[in-house]
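One structure is given here, and the rest of the page talks about it.
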Amino acid sequence: PVVTITFSSIEMSKVMVNVFDIRGRKLATLSDQNYQPGLYTLNWDASSYASGVYLITLTTGKTRLTQKVLLLK
């Protein structure tokens, strides 16, 4: 089970992508670096995690997006 996260950056910015469980505990940091403008793809290898609901949060300068993910094995 691999979750693919795709995002785009319209300007040079630092992007942080984290994975949280439903209780809000941070499980993984998928990215914490600067990105040039463009389209990017990150993969989260969730093979060591149980089936359930997870939250993936993407944070840049002034923007924070959260997506709920249902992991089924």
What number of residues within region 37-48 are part of a loop (DSSP other than H, G, I, E, B) and either β-branched (Val, Ile, Thr) or surrounded by 15 or more Cβ atoms within 10 Å (Cβ to Cβ) (or both)?
-> 1
Residue by residue through region 42-73, note down the ones that are among the polar types (S, T, N, Q) and more than 10 Å from the chain's Cα centre (by Cα).
-> Ser47, Ser48, Ser51, Thr60, Thr63
All-but-one check, Ser8 against (1) open to solvent by 30 Å² or more (accessible area, probe 1.4 Å); (2) modelled with pLDDT of 95 or more; (3) assigned to a strand (DSSP E or B), failing number (2)
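Residue-by-condition table, conditions (1) part of a strand (DSSP E or B); (2) open to solvent by less than 30 Å² (accessible area, probe 1.4 Å); (3) modelled with pLDDT of 95 or more:
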| site | (1), (2), (3) |
| --- | --- |
| Lys14 | yes, no, yes |
| Val19 | yes, yes, yes |
| Ser31 | yes, yes, yes |
| Ala50 | no, no, yes |
| Arg64 | yes, no, yes |
| Lys73 | no, no, no |
Region 6-43: number of residues that are in contact (Cβ under 8 Å) with a residue 24 or more places away in the chain, hydrophobic (A, V, I, L, M, F, W, C) and closer than 12 Å to Leu55 by Cα = 5
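The values are calculated or read from the model by the stated rules, or taken from the named source; none is laboratory data. Since the structure is predicted, the reported quantities are computational estimates derived from the model, not experimental observations. Glycine also receives a Cβ, built like all others from the backbone with ideal geometry; neighbour counts cover every protein chain displayed. To get the accessible areas, we keep the full protein, side chains included, count just its heavy atoms, and leave off ligands, DNA and RNA. Shrake-Rupley method; radii C 1.70, N 1.55, O 1.52, S 1.80 Å.
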